[in-house]
Amino acid sequence: MNVEHHFKIEIRSPLPLAVGGCEVGLNSRMDWLLKVSLVCALVGLAGLWMVVQWWPGELSAIASIGPEQVGSTVRVCGNITYRFVSKAGHIFMKIADGSGELDMVIFNTTADSFDVPAQGQTVCATGRIELYEGRIELLPVKIQTATDRG
């Protein structure tokens, strides 16, 4: 016995939407909802990205940073014990926290976006750990001085 069933699905909106004196159908409303949803999703993703980029994160002791952290983001606080600006505009520093010392490099392409600390200044730096010629270094994305932290 072959039984065929035919279904008709009809979507009705309880409230018609009027725009400029013209009633807008379901497809236009769905397109509008889709666009609003997409904008909300993009704003949410941008917000999450900002939180990840600028969240201070957990403080790491410099001595605990090793090759296994390469590629990860860390936050360290300490004193700038060395500072050198190359002819190319790269800024090389060392930051020490009592447990160890870490090289910190700001390249000339991003140097203008930092208020570069002076030697002897206490700072907290957040950035990515990289390995260069066998040495571990911090490439900061954010540097806060004691006065910035309040």
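The values are calculated or read from the model by the stated rules, or taken from the named source; none is laboratory data. Keep in mind it's a predicted model, so treat the numbers as computed, not measured. Cβ sites come from the backbone with ideal geometry, for glycine too, and all protein chains shown count toward neighbours.
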Next on the checklist: For the range 90-100, which positions are within 17 Å of Gly66 (Cβ to Cβ) and either among the aliphatic types (A, V, I, L, M) or surrounded by fewer than 16 Cβ atoms within 10 Å (Cβ to Cβ) (or both)?
Outcome noted: Ile95, Ala96, Ser99, Gly100
Item to check | strands (runs of 3 or more DSSP E) completely within the range 60-143 that count 1 or more residues being closer than 23 Å to Met50 by Cβ and without any contact (Cβ under 8 Å) to a residue 40 or more places away in the chain | outcome: 101-106
Next on the checklist: If I filter the range 124-150 down to residues being over 21 Å from the mean Cα position of the chain (by Cα) and of a type outside the set (A, V, I, L, M), which single residue comes out as modelled with the lowest pLDDT?
Outcome noted: Gly150
Checklist entry - Scanning for something modelled with pLDDT of 90 or more, among the charged types (D, E, K, R) and in contact with a strand residue (DSSP E or B) (Cβ under 9 Å, 6 or more places away or on another chain), does the range 114-123 turn up at least one residue? => result no
